1. Subtracting the Cα-Cα distance from 0.36 nm times the residue separation, let me have the gained length for K41 to K248 in nm, one decimal.
2. What's the FRET efficiency of K66 with R387 using the Cβ-Cβ distance as r and R₀ = 41 Å, to the nearest 0.05?
3. Once phi is turned into θ = phi - 60°, what whole-Hz ³J(HN,Hα) does the Karplus curve with 6.51, -1.76 and 1.60 give for every residue of segment 87-93, x standing for Gly and Pro?
4. In whole Å, what is the distance between the alpha-carbon centres of segment 224-254 and segment 163-209?
5. When all protein chains stay in place, what accessible area (Å², nearest 10, 1.4 Å probe) is found for Y427?
6. For the chain, what does the accessible surface come to per residue with a 1.4 Å probe? Please give it in Å².
7. Return the calculated 222 nm mean residue ellipticity for the chain, to the nearest 500 deg cm²/dmol, obtained by summing -39500 (n - 2.57) across DSSP H runs with n ≥ 4 and dividing by the residue count.
8. Could you please put V451, V74 in sequence from largest to smallest accessible area, using a 1.4 Å probe?
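The values are calculated or read from the model by the stated rules, or taken from the named source; none is laboratory data. Note that the structure is predicted; figures quoted are calculated from it, not measured. A quick note on method: Cβ atoms are made from the backbone with ideal geometry, for glycine too, and the neighbour counts reach across all protein chains shown. Side chains are part of the model used for accessible areas, which takes the heavy atoms of the whole protein and leaves out ligands, DNA and RNA. Shrake-Rupley method; radii C 1.70, N 1.55, O 1.52, S 1.80 Å.
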Amino acid sequence: MEIQKNQEYVVDIIDNGYDGEGIAKINDFTIFIQGAIKGEKVKILILKVTKSFAYGKILEIITSSKSRNTVDCVNFSRCGGCTLRHINYKETLNIKRDIVKNCLYKELHKNVEVNDTIGMERPLYYRNKLQYPVGFDKNGTPVMGIYSQRTHNIIEIKENCYIQNEKCSEIAKDIFEFAVKNDIKPYNEATNKGILRHIVIRIGIKTNEIMVTLVVNNNDFNNEKEFVKELTTKYTEIKTIVKNYNNKNTNVILGKKNEVIYGSGYIYDFLGEYKFKISPLSFYQVNPLQTEVLYNKAIEFANLTGEETVFDLYCGIGTIGIFASAKAKKIYGIEVVPEAIEDAKENAKINSVENTEFFAGEVEKILPELIEKRNISADVAFIDPPRKGCDKVTIETLLKIAPKKIVYVSCNPATLARDIRLLEEKYELKEVQPVDMFGFTSHVECVVSLVKY
Ligand SMILES: C[S@@+](CC[C@H](N)C(=O)[O-])C[C@H]1O[C@@H](n2cnc3c(N)ncnc32)[C@H](O)[C@@H]1O
């Protein structure tokens with residue numbers, strides 16, 4: 001039976017995929033159905049057919065899963081954020097564990113035991129960083145909000161987002177209102193004209209310090225002084241306001257140049273007992289409470305005695321290395337964003353950590369240099385790359401110096417599995433621990449212990 005577009009079928013949902021979508025099979029042909037849950041029977045309409053799979057949409061839920069939740073968010077159907085919001089939280093944790101399992105199976109061709117996902121105590125308002133695009137809606141009216149799924153159409157957020165910090169949501173609304181009132185034109189992607197592109201707000205959850213970053217196309221920001229005064233008078237938590245210049249026609253949110261228009265240009269937050277300085281361009285985990293859980297697991301996997309030389313690769317502002325510093329002899333951190341390395345150096349200082357050294361540059365370039373020119377090697381390597389995983393050179397270098405342990409922190413189980421397959425040449429996969437950093441979204445964070453044979 002050939003699957004036809006616009007045809008209706010009744011199917012059983014046999015699994016959930018990497019974006020949380022339901023998966024069904026008709027005569028071995030795969031259908032992806034957004035919003036369907038494993039175990040359900042649903043009537044679907046086929047929307048699109050490709051050579052190897054099709055997309056369908058639910059017309060009717062014939063048998064509903066016990067895990068199905070009534071969705072509490074008015075933005076759910078249009079927003080691409082919480083794709084698992086229709087599933088009860090506990091079940092989302094099982095889905096995430098299974099996503100990791102499936103990714104590992106695909107690459108390693110064996111069943112790997114994956115621990116149950118460590119969930120959040122309260123999976124609400126957990127994000128410490130908001131980034132809303134500003135633009136025009138279909139009618140040409142200025143709008144701030146979120147991109148609707150797989151598009152660059154901005155949809156207005158009605159009511160507050162359930163995963164953003166509430167104070168940040170409130171401030172974002174005020175900034176947008178000020179922009180509209182003062183004729184600060186939203187950026188137009190099609191013409192590359194206009195001024196305000198994104199509103200980015202970060203909060204130190206433990207310090208309550210807030211940093212506002214306005215991503216602008218040019219310097220034409222009307223009534224800037226009034227803006228700063230109004231905002232900082234109303235919100236005394238705002239410690240700094242920064243204009244970030246981005247005039248490129250790109251999906252990347254932040255440009256390279258910052259101009260501080262209020263305060264110091266950075267904020268602080270605490271992770272565990274350590275204080276961290278965070279600058280606008282530096283990466284900082286978006287869910288700090290779960291970050292502590294994640295890092296503690298990473299340190300546990302490393303099982304340090306105080307004698308080890310340790311690499312902290314893709315170190316950001318030095319958080320993992322500084323977290324591990326009391327239990328290691330020496331930490332070397334490498335990170336590509338120079339501002340983050342400046343933060344890392346200062347973070348070591350403000351925490352009186354004296355056994356760290358940080359280097360700015362690509363891991364694939366700096367790591368071989370450190371090994372060859374300075375004869376540095378490591379007993380343990382923490383690696384925490386971006387979504388695309390490790391560069392080939394990095395994997396080869398790690399295999400060459402072969403630290404006793406590698407603790408791999410990953411936000412993308414597909415590239416994690418690929419890299420583990422490569423590392424298996426010399427390493428045994430000991431433990432896989434998913435930690436829920438991004439509740440109700442389909443994103444999965446994992447920490448993995450690899451031990452040299
Ligand atoms: C997932 S973050 C982890 C940061 C840090 N370990 C933490 O937990 O906050 C990945 C980091 O890798 C950096 N990065 C991306 N590509 C890189 C590369 N080729 N070499 C070094 N750092 C890189 C990013 O700037 C980012 O700070």
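1. Gain on stretching K41 to K248: 69.8 nm.
2. Rounded to the nearest 0.05, the efficiency is 0.80.
3. Per-residue couplings from phi come out as 10, 5, 4, 4, 5, 4, 5 Hz.
4. 7
5. Ignoring ligands and nucleic acids, Y427 comes out at about 0 Å².
6. 47
7. When only DSSP H runs of four or more count, the value is -8000 deg cm²/dmol.
8. Sorted descending by solvent-accessible area, the residues read V74, V451.
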